[in-house]
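Inspection log for the structure reproduced underneath, given as structure tokens.
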Amino acid sequence: MTAMAHLKLLLLLCVGITVSTGVDLHKRIYGGQKCPDTERQYHVKLKATNATHESLCGGSLIHERWILTAAHCWENEPGWYMYATLGVHPSWIKLLFQRSSDKKKKVKITSGSFFVGINTFDDIMLLEIPSQPGRKTVALPDCANPPKINDVVQVAGFGNYQVDKNNNEITGQPPHLKCADMHVVDCGPTRNSQCDAHVPYNNRLCLKEPNVDTRKGDSGGGVIYNNMIYGVISSGYKRACTGPTVTVNVCPYMNWINQKINPKSNGK
């Protein structure tokens, strides 16, 4: 994308361009590139749907039966159902040449969702799916050695922001998962931002990179450092934000995560 196209994109976002009705695309990766086929095989595509609308998110398999994602991706209204599609990366074209058991698998979320508290303020959620050994998972963080300010982390999603000749947004998804590198930055500028996320200030991991941002559709995707998940994409708005991207820092929630995914080892 050219510099002029980047400028047009930001201008369109600032005026609040109307998105296709009936689809809420949460947060999406902008300014990324196709993820290497050997990476992100634990990425999950989440879709919540009712008779007329759908919303899309990402997630990460941290266990053969547990998906870590953003709490705001959950649609807790009558008539809504949530599905998780596993094996979305590498692309379906490559999957055609693999064993049938390794192909994409769509799973209905029936066991329920689990939040830190009684509401979704912390914007981190675990989804339980039927167990199946052998699934690709991402390692949980080494919280003694987290990414520091100026370290580079990777984000990923299926968003694809484009505009037509009349500067109208074109909805849709790219054929490949998109990855982008971002630097860890100080969260100070996000404290009073109009683009603030619903994440406790001390539990944030903030990112910023020129010409790179997350967009609606990428919410819930993992923030990866040293091949471990340290964050969950949270902030997502229809307008461009000048401040950092806000993600949920996974480390403050590790006790809660371990209690859910390994209850026997926690005396439960």
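For every residue, the table says whether it meets (1) out of contact with any helix residue (DSSP H, G or I) (no Cβ under 9 Å at 6 or more places or on another chain); (2) surrounded by 19 or more Cβ atoms within 10 Å (Cβ to Cβ); (3) at pLDDT below 85.
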site: LYS27; (1), (2), (3): yes, yes, yes
site: LEU46; (1), (2), (3): no, yes, no
site: ASN50; (1), (2), (3): yes, no, no
site: GLY58; (1), (2), (3): no, yes, no
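Here HIS198 passes the criteria (1) modelled with pLDDT of 85 or more; (2) open to solvent by 60 Å² or more (accessible area, probe 1.4 Å); (3) outside any strand (DSSP E or B) except the one numbered (1). For the subset of the stretch 109-167 comprising residues that are of a type in the set (S, T, N, Q) and open to solvent by less than 50 Å² (accessible area, probe 1.4 Å), which member is modelled with the highest pLDDT? In this case the residue turns out to be GLN154.
Can you spot a residue in the stretch 257-266 that is at pLDDT 70 or above and either among the aromatic types (Phe, Trp, Tyr) or not in a helix (DSSP H, G or I) (or both)? Write out each step before concluding.
Taking the stretch 257-266 as the starting set, the residues that turn out to be at pLDDT 70 or above are 257-264.
Cutting the leftovers down to either among the aromatic types (Phe, Trp, Tyr) or not in a helix (DSSP H, G or I) (or both) gives us 262-263.
Yes: the stretch 257-266 contains one or more residues that are at pLDDT 70 or above and either among the aromatic types (Phe, Trp, Tyr) or not in a helix (DSSP H, G or I) (or both).
The values are calculated or read from the model by the stated rules, or taken from the named source; none is laboratory data. Please read these numbers as outputs of a predicted model, since none were measured by experiment. All Cβ positions, even for glycine, are placed from backbone atoms using ideal geometry, and neighbour counts span all protein chains on display. Please note that ligands, DNA and RNA were not included when accessible areas were found on the heavy atoms of the full protein model with its side chains. Shrake-Rupley method; radii C 1.70, N 1.55, O 1.52, S 1.80 Å.
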